[in-house]
Amino acid sequence: MIKSGVVFGAGVAAGVYGVVKVRRIAEAFTPDGMRDRIGAAVLGARLFREEVAQGQADAETRLREHYRTLESGVRAERRTELEARTTMTASVAALSNKEEER
């Protein structure tokens, strides 16, 4: 008796779930449902475009600030590291210039 009640309850739950899903799918393909979905896609694209533009502006601001601090000499300890790399690069460039002259 209890087993048949559990099976009946599971059948009712599956039926309700199926009816709800079918109703949602049918509503999605009505003109109003399609308009809502297209509107949501347009809104999502607009939000994505705004986020990308904001990210580009933030990155540009960070880069400009980074180069301003480098130019102002605030990062003197990094300049020595940069100069060491430059001298190494300069010696490599001198070698490649000699090879080109040959």
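The values are calculated or read from the model by the stated rules, or taken from the named source; none is laboratory data. Every value quoted in this text rests on a predicted model; they were computed, and no experiment measured them. As a convention, Cβ positions derive from the backbone with ideal geometry for all residues, glycine included, and neighbour counts pool all protein chains shown.
Listing for the model above:
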read-out: Odd one out for Lys98 among (1) surrounded by 10 or more Cβ atoms within 10 Å (Cβ to Cβ); (2) modelled with pLDDT under 95; value: (1)
read-out: Subset of the stretch 8-26 that is of a type in the set (A, V, I, L, M, F, W, C) and over 22 Å from Arg37 (Cα atoms) - its residue that is farthest from the chain's Cα centre (by Cα); value: Phe8
read-out: Selection count, the stretch 1-37, where residues are surrounded by 10 or more Cβ atoms within 10 Å (Cβ to Cβ) and polar (S, T, N, Q); value: 1
read-out: Boolean, Leu82 is modelled with pLDDT of 60 or more and part of a helix (DSSP H, G or I); value: no
